[in-house]
Every structure is written in structure tokens, then in C-alpha cells.
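Taking it in order: structure first as C-alpha cells, then the write-up.
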Amino acid sequence: MATPPRSNTGATVSRRAALKSLAVLAAGVGAACTPLRMAFRWAPGGFDDDQALVDRVLRGFATAVVPGLSVDDPNLVRHFYDDDYPLAKFRGYLASDLCQESVNRFGTPAFDQLPLAQRTKIIEGKLAKGGVTRRLYRGAVYLTQIACYAGIYDPDRGCPLIDFDGRRRNTSVADSTYPMPHRFLSHEITSDGNPL
Amino acid sequence: MRTIKTDALVIGSGFGAAPPALRLAQAGFRVIVVEQGPAINPYTDFKQTQDPQYILKYLKGMSGDRLSVTYAEAMGGGSGFYEMVSLRAPSKVFSQVDDRGRGLWPRGIDRVLLDPYYDIADEMLRVEQIAPELVPKSGLVFSLMMKNLGYSCERVRYAVQGCLASGFCVTGCVYGAKQSLLVNYLPQAVKAGAAIETDLEALTVQVVRRFVKDGPLNDIPYRYEVYCRRRTGRRERIRFCTKLLILAGGTIGTAKLLLQSRENLTSLSTQVGRNIAFNGSVKAAALLPDHFPDGDMFAGRSHPGMMSYHFLESRGITISAAKPLPLQAVAAARLRLDGDTRTPSFWGAPHVELMRQYRRRMMVLVAFGMTPPLGVLEFRGGLAFDLQLKMTDPLRRYFRDTKRLLHSILLRNGCRLVDTEFVKHDGASYPDLHFSTSHHVGSCRMADSKARGVCNAAGEVFSYPGLYVSDGAAIPTSLAVNTSLTILANAERITDGILRRYRTGGEPVSARTEPAASLSATPETTRYDSIEPAVGK
């Protein structure tokens, strides 16, 4: 017969109490694994080796964050590969986490194949979580919006989705204003624009 | 370590540094300008891009929970990247008082005193009021809103010649139309004999001889040493020995340098790093109603051309429209339609719906106000600093009332409000009311006594003759308008005093004097790329 475990105080504890303690410990380790896995950039399921898979999943993510973008846009997920930004270290983990959640919620690992509404649900659920998970997803949403709307990788093109036409070499003042501007102007209280 | 001796060492190369660099060189003194940011050739280095890596090369930030500031680290300081708005501070600004009723500006400094120096700054930067036919669409729509409500609205003054309305003022004007310091003061200073050293960071200041008999600069010994480190290559270290030391590294940079030097400058005022004013920037956004014409966030100069002083007397605020480019809009705030209960609303399809309307149908209003100087920069040792804002009930009331006014203007014009939740650099929300600005001033403010400020009305640091602060750090209060022209004019005034004192060995000038004739403006445009920086060559 096994010796009953002892608590820190030396008192004998029941088997049930010991199992309960272990469960709490396991949960703690499980929770701690998220940052741990992120710290070591460990992504299960072959994500570290399969760049095409990671790319597909991240494209599914980006088109859920900014619906309307073309999934084939060459710059769509470039920010996840850009070492100037922190997410480059975590793209494998992010992709594997999205697929795992896809399994949990919808029974398939193919996150990128899910309809927009289901991909949105998954991201929404991750943003609603606490701690590191929320930080990771919030950062990924934030950087995806910046990269796409500001057209950071293609200054000539900008972002057609929001009519941002990027770099302008051939501009005219006439395009930027209205004819007969006095229709718009209110009364002025200064003679030269300087406050009194 | 190399040692270089000079008559005047100017730390920084922005609006507070350019006048002493130019005027002292013109007067025949040996002048060296030390800039920690990179050199810029305004004709080849600027880009029309929203790439954060390009922008972060020049623009830096510092954030606390309640206050974040943006500033430039580059040759020319913020002048390469600002919106060119060049306005004089309202007279009312100079009568601001602290909570005990004491004036925040030193006695004698007011708009009347500064006006002749503003004239010089205006000429140097070729400042002009925008013509009605050049006002961008968003500015015209803002003016129409004010007109509908019977509020006055002014056409703003800008430092620009031949603007082509490309909309990228804030990433640097690729056409050379912006009259930044890179096309006037700095090249003229170099032409007059000043040397500009870039990528060189001032680390500490030491006193060599604190009190010497006043007289012409030629008769004065070297009084200060500044230890610098190159930020590029082999991190070369240089020791500068100087007779005059002029600190103009910006509100944050100047305070940092003095705080890092406190062990050597033991008689410094305890006010260093305190009393940072932040121009009470409050923002609001909305979608225009159908009956309004389109604005345009992306075309036309970065500032929309119009500003209202209607509430200056009653509330101490000015109101203008703003035209953030996509990066500035998305990186700074989560936008969502007010009352939109859909989840998610700051990303996904609802957010795209909103962003599709951003360019032509969104109006962003910004109020600047005379909020008290409650910001504090604290030195935590090493290279660590904290930026804090003492939140007070009056400040919360100011924010709430100003936001309410902006919303009222938008709503009475039939707009639908857009919630703007400002976020940190990782996209997280701020835990409390948050102010952000690039108009921060006052960390080493001018004052009538050492107990209340860091330098006197002449810009000279209390207890340290020959050590001056001539930049935004010296400006004691919020200005309720963009700060660049006032910093420049005040730097002209401080330089005027330095010249009067050290060229002839005379006494410090009283506040009430006319600018010396030698300060006449020479608004010729000089190409920087024709001039070689000279130190150590």
C-alpha cells in the first residue's frame, strides 16, 4: 500500500485532496504553457515546417480581420514575416492556435477553409480571453489593420479598399479643394489668421 | 576620446536650436550644433509612405498611462515632419496663472514683447495665411459646420511656398515646398560657419568654471564640458568644451540631458522635468450627414487649413479639423460607430464599413486648450525615464466639457458620432483618460525664480551662467495653438539677449527691448546638399 502524501506541514492529506492539488497544478502548467510555447516559438502539428500551411492560415486570419481584402494579395500577411515587427516570432504559434481552435469549435483544423462568420467567431473568442492570448490576438489584429489600411508594403498602391491611393507624384491643388470656397467660409475675427 | 573646443555648443537642431546656431555663427562665434538624430537632405531623403519603419526612423514617442508625446529625432527637429501651421500664441496665453494665482510666464514676457520676434520667424519661414482657393476640402467642410452654427473660423498661416497638395506633409515634403529649418536657418548657419554634427548624442554636462567675470565671449574661459557619443559606426566619444552651452534638444531631450547631469549640476532647480504642458488636445470624430459635401482626408496639405478661435475667450480653446492619414488613424485609435453594439466593431466587417467612409465622409475635430502644466518626466536611472500626468478634477472636467462641445458641433450639423478609443503601441486600451500630443512644452520652464522654474526670462539656467535653454522646454504653458512658431520666436529673443551680452560684454538685456538689427530675417532658401558638415573634418 502506498504511503499517503504529506502536506507541507507534515500532516497526512487524503488521496482526493492530493488529486485536487495536482489538478490545480496541471491547470497552472497548462495556462503557463501558452507563454512558454510562445517564448520558444513552438508550434505543434508541423506548423514550424509547413510554411505553405502557415501562410494559408494567416491569410484566412487577415481576411477575417479586414474582410474585402483579396486572399491572393502578395502583401496580405507580409507583416507576419517581417522581423521589424514582434509577430514574426509567433506566426507559427498563431497559425497552430487558430487551427486548434477551429478543431475545438467546428471540428476541422482547416481554419482557412471556414466561412468568414466562423473565422470571425474564433478570433472574437480569442480576443475575449485574458492574458497572453488576448495580447497576441489583439496585437495581430492591430498590426494587420495597420499593414492593410496604411498600405505599408506598397506605398504606390496604398489601400484601394478604403480609397487610399498611396504616394502622389502628380497632384493638383484643384483636386484637393472646391471651387468658389467662399460658400464654405465662415466669418473671420482676425485680419491675418493669427489669434489676437 | 576627442576633445573639441568651441565658443557655443547648441544641443539639438530644431526650432529652439536654429536661431542660436544661425545668429551666433553670423556674429562670428565658433558654433557647433549636436543633433542625436540622423542627417536629412530634404530633397532626397523624404518619402511619401506610411511605412512605420520609415516614420519611426525620425519620429519617437514616450508614453505614460495618461499622457503620450511624439517628437522628432532628426536634423531640423520636428520641422521636417510638422504640418507647417505657424501661428502666434494668443495674448490670453501669457496671463495664465497657477493654482495660487501666480503668473506662469516670467514678468515682462507677453505677446507684445514676442511680436517683433514672431515677425522675424514669419519672414524666415515665409509664413503666409492660406488663400481661400487653397483650403483643402476637409477644412472647407469644417468651416461650413462652424458657419452653420454662427461660429467664426479663420484661415490658418503656414510655412510653405508652392504647396502641391500631395497630402504627405507629415512624412516630409518631397517637393521642398515646406519651409522647414532644413531650407533656411540650418543651411544659412552652416554657410555662416556653424558645424552640424548628426547621430551624436549628448550624454552629460559638466561644469568646468561656473562663475567667471562677465564680458565679451572672447575673454571668457571654457565653462562647460559636454560628453557625447556617436550613435553610428564605432560609437565614437567626443568631449566638447564650450563657453556657452545652449540646450535645445526639445522638451523631452533637454530635460533628459539635465536630469542625467544632475550629479554634476548640483545647483539645478528641482523643477527640471516638471511642469510639462501638453496643449490639452481633445479629439472627436463623426460621419458627415448626406446633405454635406465630401471632405478628403488624403488630398491637400496635412492640416486642413481652418481653425476657429470662437471659444478662445470663453473656454480657452481653439478648434480645428484634422486629417490623419491611415497609419495615424488606425495606429492611434480604435474607431467604431457610436452606439454600434455589434461585436466585433473595432475590426472585421463593421470596421471595414466605417473605414470605407473614412476618406470622404469622416470629420475629425481637434481642440487645443490652455490646460495646466501637469506633466512630469522622471529619471529612473540608467536610460530609463517615466512620463506621468497628474490627473486632477478640473482636468477631467476640461476633457469632458471640451469633448461635449466638439460632439455638440458635430451633432448639431447632423453628424453621426464615431467613438475614438485611443490605444497603446500594442493596440491595448489606456486604463484612464489619456492625452496625446506633439505640442508638449515646459519641462525646464522660464520663471521668475529658481523655486518655480529652471531658467530665467533670458533663458539662462538659474545658478549656471552661460547655460541656456532656448527650446520648447523653456515655454511655461500650453499655447492653445501649434507651438513651433512660438518656440522659434522665443529662441530668437533668447539669442538676441545672448548676443547683446556676449558680443560686447554688456549686461543681460531687460525683457523690454526691440530685436537687434543684426537679427534681420534673410529668408533665402539655401540647398542643404550644397553644404558639408564640418566638425572633425
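The values are calculated or read from the model by the stated rules, or taken from the named source; none is laboratory data. Bear in mind the structure is a predicted one, so any value in this text is a computation, not a measurement. Reconstructed Cβ throughout: ideal geometry from the backbone, glycine too, with neighbour counts over all protein chains shown.
Of note:
- A count restricted to segment B:357-382 and to residues that are part of a strand (DSSP E or B), more than 17 Å from the chain's Cα centre (by Cα) and within 14 Å of chain A (Cβ to nearest Cβ) stands at 2.
- If you check B:G381, B:G414 for being without any contact (Cβ under 8 Å) to a residue 60 or more places away in the chain and not acidic (D, E), only one passes: B:G381.
- Options B:A451, B:A458; residue that is more than 30 Å from B:T402 (Cα to Cα), in a loop (DSSP other than H, G, I, E, B) and within 21 Å of the chain's Cα centre (by Cα): B:A458
- Residue in segment B:281-295 that is buried (at least 24 other Cβ atoms within 10 Å of the Cβ), within 14 Å of another protein chain (Cβ to nearest Cβ) and either closer than 24 Å to B:F368 by Cβ or in contact with a strand residue (DSSP E or B) (Cβ under 8 Å, 6 or more places away or on another chain) (or both) present: yes
- B:V366 out of contact with any helix residue (DSSP H, G or I) (no Cβ under 9 Å at 6 or more places or on another chain), under 26 Å from B:P476 (Cα atoms) and buried (at least 16 other Cβ atoms within 10 Å of the Cβ): no
- Residue under evaluation B:T420, criteria (1) of a type in the set (S, T, Y); (2) in a strand (DSSP E or B); (3) closer than 22 Å to B:Q96 by Cα, criterion not met: (3)
- Checking each residue in segment B:435-464 for being surrounded by 20 or more Cβ atoms within 10 Å (Cβ to Cβ) and closer than 18 Å to B:K60 by Cα picks out B:F435, B:T437, B:S438, B:H439, B:H440, B:V441, B:S443.
- Failed item, numbered, when B:D115 is tested on (1) at the interface with chain A (Cβ under 7 Å from one of its Cβ atoms); (2) free of Cβ contacts under 8 Å to residues at least 60 places away in the same chain; (3) closer than 21 Å to A:N194 by Cβ: (1)
- Any pair with Cβ under 8 angstrom, 6 or more apart, that starts in segment B:120-139 at a residue that is in contact (Cβ under 8 Å) with a residue 60 or more places away in the chain and within 9 Å of chain A (Cβ to nearest Cβ) and ends at one that is among the aromatic types (F, W, Y) and surrounded by 17 or more Cβ atoms within 10 Å (Cβ to Cβ): B:I130/B:Y158; B:V135/A:F184; B:K137/A:Y178
- B:L411 vs. criteria more than 29 Å from A:V141 (Cβ to Cβ), outside the structural domain of B:N456 (by TED's automatic domain parsing) and not charged (D, E, K, R): yes
- Looking across segment B:297-341, the residues that are farther than 25 Å from A:D192 by Cα, in a loop (DSSP other than H, G, I, E, B) and within 11 Å of chain A (Cβ to nearest Cβ) come down to B:M297, B:F298, B:P324, B:L325.
- Test: residue in segment B:72-85 that is at pLDDT 95 or above, within 14 Å of chain A (Cβ to nearest Cβ) and within 20 Å of the chain's Cα centre (by Cα): yes
- Condition met for B:R223 (crowded, with 18+ Cβ neighbours inside 10 Å, at pLDDT 95 or above and over 21 Å from the mean Cα position of the chain (by Cα)): yes
- A single entry from B:D401, B:D432 fulfils the requirement of being in contact with a helix residue (DSSP H, G or I) (Cβ under 8 Å, 6 or more places away or on another chain), more than 27 Å from B:I11 (Cβ to Cβ) and either away from chain A (no Cβ under 14 Å) or surrounded by fewer than 19 Cβ atoms within 10 Å (Cβ to Cβ) (or both): B:D401.
- Condition met for A:G68 (surrounded by fewer than 19 Cβ atoms within 10 Å (Cβ to Cβ), over 13 Å from the mean Cα position of the chain (by Cα) and either at the interface with another protein chain (Cβ under 10 Å from one of its Cβ atoms) or over 30 Å from B:Q53 (Cβ atoms) (or both)): yes
- Per the conditions (1) facing chain A (nearest Cβ under 9 Å); (2) touching a Phe, Trp or Tyr at 6+ places or on another chain (Cβ under 9 Å), the sole criterion not satisfied by B:R157 is (2).
- Residue in segment B:78-96 that is buried (at least 24 other Cβ atoms within 10 Å of the Cβ), under 30 Å from B:P394 (Cβ atoms), touching a Phe, Trp or Tyr at 6+ places or on another chain (Cβ under 6 Å) and not polar (S, T, N, Q) present: yes
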